[in-house]
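Notes to accompany the following structure.
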Amino acid sequence: MAGHSKWANIKRQKARVDAVKGKVFARISREIIVAARSGVPDPAGNFQLRTAIEKAKAADIPNENIERAIAKGAGLAGGSSDLEAIRYEGYGVGGVAILIEALTDNRNRTAADLREAFTKNGGNLGETGCVGWMFDHKGVCTVRGPIDEEQLFEASLEAAAESYDLILIDEDTEGAEVFTSVANLEQLADVLKQKNFAVLQSETRWIPSNTVEIDTPEKARSLLKLMDALEDLDDVQSVTANFEMTDELMSSVMV
């Protein structure tokens, strides 16, 4: 899964900022609503709902907010739960491929907002399929350390995982990301927990199959500004791009 870890680190840093801004509350609540609507509204029998609730608790979302989102998704509370999952695709500066996942109740509004964000920041919103072929959809379990790599390897084999990366979850905490097929994600999470690994979250993620090197401060600044603009949109759940840049360049433009 080379070429992914640096952007994953950025996203973990951004997630903490988003939590302060409160945007993560809305995003995870929408995930819970959709999960409760698409299956039984009981986390014990709905893996998608269970993982969304775990993510909500990790973000310190109050239990009453979680219960309200479940009720809304199950049709037991007032208000519309007609959220639709849509994938959008486009290009940033330097031909960087960008894939966006959104949950929306208004396709036209979301597309217009995305097009404006791309246009103002040197990118282009493309047609469906224009960059999707550059990404693989995978299931990912994030595990908090300390990590015994031999035990992780054995657990990964037992759970039919495809690969794993050792990572730093934050400055003082090591961990790992274990990758599998989307269909096998629930089994992977169950096996890791049975083997006493601390699974922080289980999610699906788009992994770039190739990367574009960003080598100038101007391109880096423009691209990160576009990523921020896209992620700040209310309907956007996630943004993935296939770029790489050196730590030095990243630090210089993020100051």
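The values are calculated or read from the model by the stated rules, or taken from the named source; none is laboratory data. From a predicted model like this one, the values you see are computed outputs, not experimental measurements. Heads up, the Cβs are rebuilt from the backbone with ideal geometry, glycines too, and the neighbour counts pull from every protein chain shown. Note: accessible area is taken over every heavy atom of the protein model, side chains too, but ligands, DNA and RNA are not part of it. Shrake-Rupley method; radii C 1.70, N 1.55, O 1.52, S 1.80 Å.
Some values worked out for this structure:
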| quantity | calculated |
| --- | --- |
| Gaussian network model of the chain, Cα within-10 Å springs - most flexible of A85, A44, A229 | A44 |
| Per residue accessible area of the chain, 1.4 Å probe, in Å² | 50 Å² |
| Computed over the chain: relative contact order in percent, which uses C-alpha pairs under 8 Å that are six or more apart | 21 percent |
| Rg/Rg_globular for the chain, with Rg_globular taken as 2.2 N^0.38 Å and Rg from C-alpha atoms | 1.02 |
| Built amide H within the under 5 Å cut-off of N242, gap 5+ | A97 |
| Restraint check, K55/K193; K23/K57; K120/K219; K23/K120, Cα-Cα greater than 18 Å | K23/K120 |
| Region 58-194, relative contact order [Cα under 8 Å, separation at least 6], % | 18 percent |
| Whole-percent carbon and sulfur share, accessible surface of region 178-255, 1.4 Å | 49 percent |
| Label-to-label distance, nm, for residues given as E127 and Q194 (7 Å Cα→Cβ offset) | 4.7 nm |
| Of the DSSP H helices in the chain, those whose Cα atoms cover at least 18 Å axially and whose Kyte score averages -0.5 or more | 23-38, 217-231 |
| Distant alpha-carbon pairs in region 141-255 (separation over 17 angstrom), percent | 64 percent |
| Region 226-253-region 46-98 distance, computed between alpha-carbon centres (Å) | 20 Å |
| Spacing of the two label points (7 Å from each Cα toward its C-beta) at R107 and V40, in nm | 3.3 nm |
